[in-house]
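To start, the structure under review is shown below, and the notes come after it.
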Amino acid sequence: MSDPDDQQPAPSLRIFRFLSALALAPFVVLALWLAGIADDHPWRGATVDLLKAYAALTLCFVGGARWGIADGGVATAPRDLAAGLLALFVGWALFFVPMPYGFALFAVAFAAQGAWNAVAAPDGGATARFARSRLFATVVIVGAMILAFLTTA
């Protein structure tokens, strides 16, 4: 069985994959940097803040992706729209949670959002490529959040 999204012209799929990797890079780079620097490093606090801010913004973005699916004319339950909006408020609130607990809660929030997005295809209106890419991104992001949690604990 073939996914119609994978039948797109190769440049479109390559651009999608490139931009997806680019969006995940700050998680990987910042989590690894945080794990590699000393507790008293002068940039440690800024690194924590950057990672928290990027996580909050990304959680808002992935919640908004579900609104984009709904805008495509697919019948979406009101609870789906509400849950997409909830990601905005959760991301904003988690930015203010003290470390290391904030990173642990970001990991849980991204895992929940990723699971929700992964089951959105095909009956939930998302494409199989969306579900696969969200699953991969969720694994990377949750891994980065766990590493940040362990590093700041």
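Can Phe95 be described as at pLDDT 85 or above and either within 22 Å of Thr127 (Cα to Cα) or touching a Cys at 6+ places or on another chain (Cβ under 7 Å) (or both)? Let's see the steps before the verdict.
On the way: at pLDDT 85 or above: yes; either within 22 Å of Thr127 (Cα to Cα) or touching a Cys at 6+ places or on another chain (Cβ under 7 Å) (or both): no.
So Phe95 does not fit the description; no.
Restricting to segment 9-55, name every residue that is part of a helix (DSSP H, G or I), over 20 Å from Val142 (Cα atoms) and of a type in the set (A, V, I, L, M).
Within segment 9-55, Ala10, Leu13, Ile15, Ala46 meet the criteria.
May I ask you to verify whether Leu34 is modelled with pLDDT of 95 or more and surrounded by 11 or more Cβ atoms within 10 Å (Cβ to Cβ)?
yes
List every residue pair whose Cβ atoms sit under 8 Å apart, with the two residues 6 or more apart in sequence or on different chains, where the first one lies in segment 36-59 and is in contact (Cβ under 8 Å) with a residue 24 or more places away in the chain and the second, anywhere, is in a loop (DSSP other than H, G, I, E, B) and surrounded by 13 or more Cβ atoms within 10 Å (Cβ to Cβ).
As it stands, the answer is Val48/Met99; Lys52/Met99, since those pairs meet every condition given.
Starting from residues that are surrounded by fewer than 16 Cβ atoms within 10 Å (Cβ to Cβ) and at pLDDT 95 or above, keep the ones in segment 52-91 and report whichever is farthest from Gly114 (Cα to Cα).
Ala53
Report yes if Phe130 is at pLDDT 95 or above and not small (Gly, Ala, Ser), otherwise no.
Numbers: at pLDDT 95 or above: no; not small (Gly, Ala, Ser): yes.
Criteria not met by Phe130.
Take Ala148 and tell me if it is of a type outside the set (D, E, K, R) and either at pLDDT 90 or above or buried (at least 19 other Cβ atoms within 10 Å of the Cβ) (or both).
yes
The values are calculated or read from the model by the stated rules, or taken from the named source; none is laboratory data. Quantities reported herein were computed from a predicted structural model and do not represent experimental measurements. Note: ideal-geometry Cβ built from the backbone for every residue, glycine included; neighbour counts use all protein chains shown.
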